[in-house]
Amino acid sequence: EGAIPDQLTKEWTDMVDGITLYFEQALVSRLLYPSELSQFRNLEDTLLNETPLQKVDIYGCEHLLRLISAMPRILDQQYRDAKMKKLERKNKEKKTTESSEDPNETSHEEEDDLAQIGGVILAKLQDLARFLQKNQSTLFCSRYRKKSDAEVKIERKIQKRQERRLKNRLYNMLLQQQGSTSQEMEDNVEVDNIMNDD
């Protein structure tokens, strides 16, 4: 009586597999805050190269929640991209072969399918978010570990590199506004880089 239907089990299994795959791909580019990148680089250099662990095995519910909150935007963008690609393909086909069929006929069915799939995914994500909220005291950390010296060092290095790049861009923009030649700009940037390395 209390058994979960096979179809529901399959839907959730597919959903979890998809979330896991996307989590692995999106962690660095979408989910980690800039201050967490140094920790990731340190983990990548040590732990991830030595063990068969995946990123999803290391990062917890906090990062999963970030993914869940980003998914509506991601799905919307993918839906628009798919719609644009199909429209471009239809236009290309229409130019090469003049057909008596209505090119928009299947497009509406495909759009409805994409919208339906997106709706199912969002509903499952909402269920998952409610589960996380209901069990937050056991799933989310109340204390976080302190960064190691290596992580702090990497973070400072990244921060200095970003500051240097920003400074160089601003400096180049100012020189361009003043009408300096490209050779003068290169010389000035080189001098600035030498001074920053000291």
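What to note about this one:
- The phi torsions of segment 80-96, fed into the Karplus equation with coefficients 6.51, -1.76 and 1.60 and a -60° offset, translate into couplings of 5, 4, 5, 4, 5, 4, 5, 5, 4, 4, 4, 5, 5, 5, 5, 5, 7 Hz, rounded to whole numbers, with Gly and Pro shown as x.
- Straight-line cross-link reach from LYS167 at under 17 Å between alpha-carbon atoms covers these lysines, not counting any fewer than eight positions away in the same chain: LYS157.
- For segment 36-45, Karplus couplings with θ = phi - 60° (6.51, -1.76, 1.60), whole Hz, Gly/Pro x: 8, 5, 5, 4, 4, 4, 5, 5, 4, 5
- For segment 14-63: rounded, prolate or oblate by the Cα gyration tensor [a/c cutoff 1.5]: oblate
- Those lysines that a straight Cα-Cα span of less than 28 Å connects to LYS83, excepting residues fewer than 8 apart in one chain: LYS10, LYS92, LYS94, LYS95, LYS124
Just so you know, all these numbers are worked out from the coordinates, no wet-lab data involved. Everything numeric here is computed off the predicted structure, so don't read it as measured data.
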